[in-house]
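The values are calculated or read from the model by the stated rules, or taken from the named source; none is laboratory data. Here the structure is a predicted model, which is why all the values come from computation and not from measurement. Glycine also receives a Cβ, built like all others from the backbone with ideal geometry; neighbour counts cover every protein chain displayed. Ligands, DNA and RNA are excluded from the accessible area calculation, which covers all protein heavy atoms including side chains. Shrake-Rupley method; radii C 1.70, N 1.55, O 1.52, S 1.80 Å.
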Amino acid sequence: MNNLILCGFMGCGKTTVGKLLSRRLRMEYIDLDAELEAEAGMPIPEIFAQYGEAYFRELEHEAIKGLAKRIRCVVSTGGGAMTFARNVSAIDRRDAVVFLDAAFETCYARIKDSDRPIVRRSTAQALHELFLKRRAAYLCCSSFCVDANLPAEQLVDTIILLYNAGTV
């Protein structure tokens, strides 16, 4: 196994769990969105505003392709990253994709006041529909699904048990 790649809807806990996992497993932590912001020299909302979603998705795809050159990393992806077939195909087959499956209500409570472009321009109903659509994509691309409604430490314990058992 090369890397642990965390996917899931916005607000499911990818960043929190990713940081905890990387510390506990002594692996490098990569926040894909933070890498994109550093590369572009601006926050994601500005990338969307100035260049549009297509440009952002191209940056995201190139960053995901770059993961194949890295080993022993815990990676938090953006909420939409693993919903694109080309990104899923770009993942090294030795990597494990872990879907953090949280309830929509949990995710929405965490993101509703954020500056994320998609949240700012969407209603709660539209976000729920996107959640359902993306959930199906996460289930298809993941090596393993974990209940992200659990407290972060318990979720990390579960992933580590699976990791040590060779399940993920």
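Looking only at the stretch 146-159, which residues are open to solvent by less than 50 Å² (accessible area, probe 1.4 Å) and part of a loop (DSSP other than H, G, I, E, B)? Across the stretch 146-159, the qualifying residue is only Ala148. Residues of the stretch 99-112 that are open to solvent by 70 Å² or more (accessible area, probe 1.4 Å) and in contact (Cβ under 8 Å) with a residue 12 or more places away in the chain: Arg110, Lys112. A single entry from Lys19, Lys14, Lys65 fulfils the requirement of being touching a strand residue (DSSP E or B) at 6+ places or on another chain (Cβ under 6 Å) and open to solvent by 80 Å² or more (accessible area, probe 1.4 Å): Lys19.
Every residue, every condition in (1) surrounded by 15 or more Cβ atoms within 10 Å (Cβ to Cβ); (2) within 15 Å of the chain's Cα centre (by Cα), yes or no:
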position: Ala81; (1), (2): yes, yes
position: Arg93; (1), (2): no, no
position: Val97; (1), (2): yes, yes
position: Ser114; (1), (2): no, no
position: Arg121; (1), (2): no, no
position: Ala126; (1), (2): no, no
position: Ala136; (1), (2): no, yes
position: Leu139; (1), (2): no, yes
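Considering (1) at pLDDT below 90; (2) among the hydrophobic types (A, V, I, L, M, F, W, C); (3) assigned to a strand (DSSP E or B), the lone condition that Leu162 does not fulfil carries the number (3).
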